[in-house]
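Since the structure comes first, as structure tokens, the remarks are kept for the end.
The values are calculated or read from the model by the stated rules, or taken from the named source; none is laboratory data. All figures in this text were calculated on a predicted structure; none of them were measured in a lab. Cβ placement follows ideal geometry from the backbone for every residue including glycine, while neighbour counts extend to all protein chains displayed.
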Amino acid sequence: MQQGQVFELKKRAVDGSPVWAYRYRTDGPGSRRLQRGGFSSERDAAEALERALEHLRRQKGVGSTLTLKELVEEYLAQYDAEPETIDKLCWLLAKPLRAFGGRRLPELRSQEIAAWRMTISPGHRFEATQALRQVLARAVVWGMIDSNPAKQGVDNPQRRRTEKRPFESWAQLDELAARLGSRHGPPVLFAAATGLRPARRVDGARAARHRPPSTSHLRPSRAQKRPAQEHEDRGEHPRGAVAGHRARSARPAHSRS
């Protein structure tokens with residue numbers, strides 16, 4: 001099998017910079033020749049050629065596919081993010097690497113990944129599985145594997161958060177409100193009494209004029225969307241803007257008695 005060729009095209013980009021391409025034959029001399037162009041650098045074209053040849057070798061059963069450890073190293077080398085984000089990703093990826101680092105990508109099995117997932121502590125199970133999915137998704141895009149073994153057949157629900165009860169009595173809340181002062185103290189009491197969520201604001205004036213004092217009316221505010229990938233993995237659709245600016249919900253206040 002030929003190793004292919006990288007070359008510069010005669011045409012130029014709009015800004016006058018060179019455009020690169022690669023070509024290779026699918027089965028040696030005399031076979032069909034494939035060519036792809038439009039790369040902005042010789043290196044980009046060479047990397048794309050190597051991925052194409054590797055995909056072809058895998059189809060013929062003679063591939064030299066990367067191990068998971070090698071894939072992670074290659075992925076992190078081009079991962080553009082804040083240092084703190086990269087450190088967190090490395091820490092999460094260390095967990096699947098301990099179990100599957102030496103495995104070649106086609107050897108990864110969904111049932112084994114699902115079993116490994118249950119060995120991770122509940123507090124990090126979702127994130128560690130997501131990190132593995134993230135890297136293997138790039139391997140799919142690069143043509144190294146045909147499907148993501150950490151996603152197909154591997155459920156990854158988010159951990160259910162338990163309700164916290166930092167205060168046991170209204171006396172404790174009154175003490176906190178007093179320390180916060182007249183500006184910040186009352187909202188704390190109101191939030192505790194109504195179960196108000198941070199992403200909602202109160203239409204207090206209208207509630208005071210038109211509703212009984214035992215009911216507060218809340219208006220949804222524009223909250224940041226969660227990443228689409230999280231919704232996809234949970235079988236949800238990404239949440240868009242609130243439908244209608246007049247949306248209201250009423251929730252009864254909790255009694256202090």
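The table for this structure:
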{"quantity": "Count - residues of the range 135-151 that are in contact with a helix residue (DSSP H, G or I) (Cβ under 6 Å, 6 or more places away or on another chain) and polar (S, T, N, Q)", "calculated": "1"}
{"quantity": "Condition broken by residue 177, with the remaining ones in (1) part of a helix (DSSP H, G or I); (2) farther than 30 Å from residue 195 by Cβ; (3) among the hydrophobic types (A, V, I, L, M, F, W, C) satisfied", "calculated": "(2)"}
{"quantity": "Positions within the range 104-136 being surrounded by fewer than 17 Cβ atoms within 10 Å (Cβ to Cβ) and not acidic (Asp, Glu), in sequence order", "calculated": "106, 109, 110, 111, 114, 115, 118, 119, 121, 122, 123, 124"}
{"quantity": "Among (1) touching a residue at least 40 places away in the same chain (Cβ under 8 Å); (2) exposed (fewer than 14 other Cβ atoms within 10 Å of the Cβ); (3) in a loop (DSSP other than H, G, I, E, B), the one test that residue 30 misses", "calculated": "(1)"}
{"quantity": "Count of residues meeting criterion [within 12 Å of residue 151 (Cα to Cα) and of a type in the set (Val, Ile, Thr)] in the range 101-139", "calculated": "3"}
{"quantity": "Condition met for residue 73 (without any contact (Cβ under 8 Å) to a residue 12 or more places away in the chain, surrounded by fewer than 14 Cβ atoms within 10 Å (Cβ to Cβ) and part of a helix (DSSP H, G or I))", "calculated": "yes"}
{"quantity": "Enumeration of residues in the range 76-103 that are part of a helix (DSSP H, G or I), surrounded by fewer than 16 Cβ atoms within 10 Å (Cβ to Cβ) and within 16 Å of the chain's Cα centre (by Cα)", "calculated": "76, 84, 85, 86, 87, 88, 90, 91"}
{"quantity": "Residue identified as touching a Leu at 6+ places or on another chain (Cβ under 8 Å) and under 23 Å from residue 152 (Cβ atoms) among 76, 105", "calculated": "105"}
{"quantity": "Selected residue [assigned to a helix (DSSP H, G or I) and either touching a helix residue (DSSP H, G or I) at 6+ places or on another chain (Cβ under 7 Å) or among the basic types (Lys, Arg) (or both)] from 23, 36, 43", "calculated": "43"}
{"quantity": "Looking only at the range 137-150, and only at residues there that are surrounded by fewer than 17 Cβ atoms within 10 Å (Cβ to Cβ) and assigned to a loop (DSSP other than H, G, I, E, B), the one that is nearest to the chain's Cα centre (by Cα)", "calculated": "147"}
{"quantity": "Members of the range 151-193 that are modelled with pLDDT of 85 or more, surrounded by 15 or more Cβ atoms within 10 Å (Cβ to Cβ) and closer than 30 Å to residue 126 by Cβ", "calculated": "151, 154, 156"}
{"quantity": "Exclusive hit being of a type in the set (A, V, I, L, M, F, W, C) and over 14 Å from residue 142 (Cβ atoms), set 99, 52, 77, 48", "calculated": "99"}
